[in-house]
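The values are calculated or read from the model by the stated rules, or taken from the named source; none is laboratory data. Fair warning: this is a prediction, and the values are worked out from it, not measured in the lab. All Cβ positions, even for glycine, are placed from backbone atoms using ideal geometry, and neighbour counts span all protein chains on display. Protein only, heavy atoms only, side chains kept; ligands, DNA and RNA dropped before computing areas. Shrake-Rupley method; radii C 1.70, N 1.55, O 1.52, S 1.80 Å.
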Amino acid sequence: MNNTLLVTGGAGFIGSNLCSYLIDNTDYEIVCIDSLTYAGSKSSVASLEKNSRFVFKQVDIADAEEIANIFETYQPQYVMHLAAESHVDRSISGAAPFIETNIVGTFSLLQSTLSYWEKLAEADKKEFRFLHVSTDEVYGALGDEGLFTEKTPYSPNSPYSASKAASDHLANAWFHTYGLPVIISNCSNNYGPYQFPEKLIPLMITTALNHGDLPVYGTGLNVRDWLHVQDHCSALWLILTEGRLGEKYNVGGENERTNLEVVNTICDLMGNEELPAPEGGFQSLITFVGDRKGHDFRYAIDATKLTNELGWKPQYNFDTGMEATIKWYLDNKDWWRPLKDKLENSSN
């Protein structure tokens, strides 16, 4: 077994940030695999490909033969499984890819990993770990009060969250049934660099630059806890290396905001950037649209277990994190413009 770490979904939003974090903060060789569906982009890891410790492979996690070849070739010590279809709106209009990737794909990856792990020497078996990265949406919705803990019963309400809940159960079962050394993490909404431009925050930033309508679902009062992706990456590394096997760890940003507050913050901060603004300011672009089907009212994470056991705390507050995120999108138009153009052309 080598000093190597396998990241699935490594060309996606969280995955590409994680690969960068691992290159910068560890001495591991990073094998990044991604099937490069619409939300994965090689441009997100282009700068890493110059590094001798980084390897990219375009592979589907459900391709058992190719995954077996990767295990055989690179002999990883760790697997961090982030590959997933993740956009709720897309899951509502077409659930099939979510079932294929999040459930069938995770099953196939677990089987491939188990076959690899069972052949390892006993000392290597004890060092190996598989981190399954999931979402707080598996818990369902909260009312005005309360927080999701690791003991909150699962109650997913969208095809996306149902598929992720199923994948969590599979990962847990492979630990309890086969002894595969699995840990599960569940995070709140992430934001930051390299997020696909159909998601709320990059959608609002990139649309506001063109003075387009900023669509807000319903009344805009649905609440999410926002976690900067760099904070998430630091938590994932800590959970992988120091977390207890068979356990779950919630990762939250301690930044609850309504969707409307998020959009207003973006408008305020963009107004401070001395950008060409529409008459009436960026807030004048906000448009309320019909609510999303099955729109969960509120998510909020209790990350006490992660803090108490492993000493993790988020470093970004929402305002500083959002300011840095807006600056990144302003400075990296060459990354997101082709993706946004492709999105808009596909919807026409």
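Report the residue count in the stretch 281-326 for those that are outside any helix (DSSP H, G or I), open to solvent by less than 70 Å² (accessible area, probe 1.4 Å), more than 23 Å from residue 194 (Cα to Cα) and not aromatic (Phe, Trp, Tyr).
So the count comes out to 15.
Is there a residue in the stretch 222-231 that is among the β-branched types (Val, Ile, Thr), at pLDDT 95 or above and within 30 Å of residue 114 (Cα to Cα)?
Scanning the stretch 222-231, I find at least one residue that is among the β-branched types (Val, Ile, Thr), at pLDDT 95 or above and within 30 Å of residue 114 (Cα to Cα), so the answer is yes.
Could you grab me the full set of residues in the stretch 16-33 that are farther than 17 Å from residue 328 by Cβ and crowded, with 24+ Cβ neighbours inside 10 Å?
22, 30, 31, 32, 33
(1) modelled with pLDDT of 95 or more; (2) under 30 Å from residue 326 (Cβ atoms); (3) of a type in the set (S, T, N, Q): which one isn't true of residue 158, the others all being true?
(1)
Is it true that residue 36 is open to solvent by less than 10 Å² (accessible area, probe 1.4 Å) and either of a type in the set (A, V, I, L, M) or modelled with pLDDT of 95 or more (or both)?
Against the criterion (open to solvent by less than 10 Å² (accessible area, probe 1.4 Å) and either of a type in the set (A, V, I, L, M) or modelled with pLDDT of 95 or more (or both)), residue 36 does not qualify.
Checking residue 78 against (1) closer than 17 Å to residue 15 by Cβ; (2) over 16 Å from the mean Cα position of the chain (by Cα); (3) surrounded by fewer than 18 Cβ atoms within 10 Å (Cβ to Cβ); (4) among the hydroxyl-bearing types (Ser, Thr, Tyr), only one condition comes out false. Which one?
(3)
Starting from the stretch 328-348, keep only residues that are without any contact (Cβ under 8 Å) to a residue 12 or more places away in the chain and within 16 Å of residue 194 (Cα to Cα), then list their pairs with residues that are in a loop (DSSP other than H, G, I, E, B) and open to solvent by 90 Å² or more (accessible area, probe 1.4 Å) whose Cβ atoms are within a distance under 7 Å, requiring at least 6 positions of separation or different chains.
Qualifying pairs under 7 Å: none.
Which ones in the stretch 44-65 are part of a helix (DSSP H, G or I) and crowded, with 16+ Cβ neighbours inside 10 Å?
Selection gives 44, 48.
Inside the stretch 224-266, can you point out the residues that are over 21 Å from residue 13 (Cβ atoms), of a type in the set (A, V, I, L, M) and touching a helix residue (DSSP H, G or I) at 6+ places or on another chain (Cβ under 8 Å)?
Answer for the stretch 224-266, where residues must be over 21 Å from residue 13 (Cβ atoms), of a type in the set (A, V, I, L, M) and touching a helix residue (DSSP H, G or I) at 6+ places or on another chain (Cβ under 8 Å): just 245.
Can you tell me which residue within the stretch 200-223, out of those that are open to solvent by less than 10 Å² (accessible area, probe 1.4 Å) and not polar (S, T, N, Q), is farthest from residue 39 (Cα to Cα)?
Ranking the candidates gives 220 first.
Here is a list of conditions, (1) of a type in the set (Gly, Ala, Ser); (2) open to solvent by 30 Å² or more (accessible area, probe 1.4 Å); (3) closer than 24 Å to residue 4 by Cα, and residue 95 meets all of them except one; can you say which number that is?
Answer for residue 95: the failing condition is (3).
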